[in-house]
1. Out of residues 5 or more away from F150 or on other chains, whose amide H comes under 5 Å of its own, with H placed 1.01 Å from N in the peptide plane?
2. Check Y242: other-chain or 5+ apart residues with amide H under 5 Å from its amide H, H built from backbone geometry?
3. Provide C182, C264 ordered by accessible surface of protein heavy atoms (probe 1.4 Å), highest first.
4. Multiplying the sequence separation of W289 and R270 by 0.36 nm and subtracting their Cα-Cα distance, what value in nm do you get?
5. Using θ = phi - 60° and the Karplus curve 6.51 cos²θ - 1.76 cosθ + 1.60, what whole-Hz ³J(HN,Hα) does each residue of region 240-251 get, with Gly and Pro shown as x?
6. How high is the FRET efficiency from E202 to R300, r the C-beta distance, R0 35 Å, rounded to 0.05?
7. Compute the distance in nm between two label points, each set 7 Å from the Cα along the Cα-to-Cβ direction, one at C182 and one at R125.
8. Taking 21 Å as the cut-off for C-alpha to C-alpha distance, list the pairs among K161/K253; K81/K261; K79/K156; K79/K117 that go past it.
Amino acid sequence: MIIENSKTYNVNDVENLFFRPSFCGKSAEELGIRILYNMPIPTNVPMFAHHNNILQEFSSGWQGGSSATMTQKEIVLSKLKAESSYSAETYFSTIYEMLTNSADVNLGDLSGTDLEKAETELFRRAIVESIYATMWFGDDTGDLSNFIAFSGFLRKIIDIKEIEKPLSSIQIYSEPESMSICKVFYDTWASATDELRALSSEGNLAFFVSSDIYDAYQFFLDYRGLSNNAEHLVNGRQGLYYHGIPVIEIPVKQYEVNRAKSFCVLTDRRNLVLALNTADSPEKEIRMWYNPDEMENRQRVVFLAGVTIADDDLITALIFDQGVEITDGFVEE
């Protein structure tokens, strides 16, 4: 059996089937960042600042003076094209596996609708994975990684902080009386501006860390033997926190990252901005079709995307070129 049904999605389908399920609502919250979807081009990130001294002695009439100020930062959107191809045999096997995992599919009567849903889900996952990887590790110079469609958050952080050469390693040792992985979080917090620290009361601060630092911190908590540690070992932790600030894992190892293999970034979630646009690109489309000459199924999507850091002063980071090693719950060079 060969899947030959060609399908072209219009702009509303692109939005509702491929992007909104992954980048809006709960899905967006799980990414831990701020997402702007189909904003007018050029896309600007509004940043409002209020006065911190508005109280004055009462008298009749208006005495307010100046109003709240607003600044804007433009997000440069890149026109992107994602394409993938599968041999007919591999493609059907993949689609068939997705169908068998669905409880409401009649395998004795695979309708076009069922196949179309499976095809859509397969391509949607690939698009989301590529956007996620590029928004963090993208570098149009190719220096940071092989994701060159547009520059992501790490590349921008390195440029903002003028980090010419990331630290070579995390110099932390395994003796309990020495510095633990917590030193990485503490040093990141200590280098934050007063403005960034002040935002902790709003509940949107987060540490974004590479997988090795996340694992090292998890082992550290296990090693310390906390009162509810046995329950955590059996059921797992719902999430990691350092002094009440969430620690969010960014999986570096599964991507081809040349530099900045370990990092700890502290910022307000609203400060990391991803912009997606499927409405304003002239060639906007998502197509899936079968090529009989090459005997392969092909998929293509065209859209606009880009990232920015809204306020350069509201982010701080420690970035390392080498990963960390875990020993007894601590980290050593």
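1. Long-range HN contacts for F150: D139.
2. Hits under the 5 Å cutoff: V247.
3. From most accessible down to least: C182, C264.
4. 3.0 nm
5. Going residue by residue, I get 9, 9, 10, 6, x, 9, x, 10, 10, 7, 10, x Hz, with x marking Gly and Pro.
6. The pair E202/R300 has a calculated efficiency of 0.25.
7. Result: 4.0 nm between the two label points.
8. Long pairs (Cα-Cα over 21 Å): K161/K253; K81/K261; K79/K117.
The values are calculated or read from the model by the stated rules, or taken from the named source; none is laboratory data. This structure is a prediction, so every number in the text was calculated from the model and none was measured. A quick note on method: Cβ atoms are made from the backbone with ideal geometry, for glycine too, and the neighbour counts reach across all protein chains shown. We work out accessible area using only protein heavy atoms, side chains counted, and drop any ligands, DNA or RNA first. Shrake-Rupley method; radii C 1.70, N 1.55, O 1.52, S 1.80 Å.
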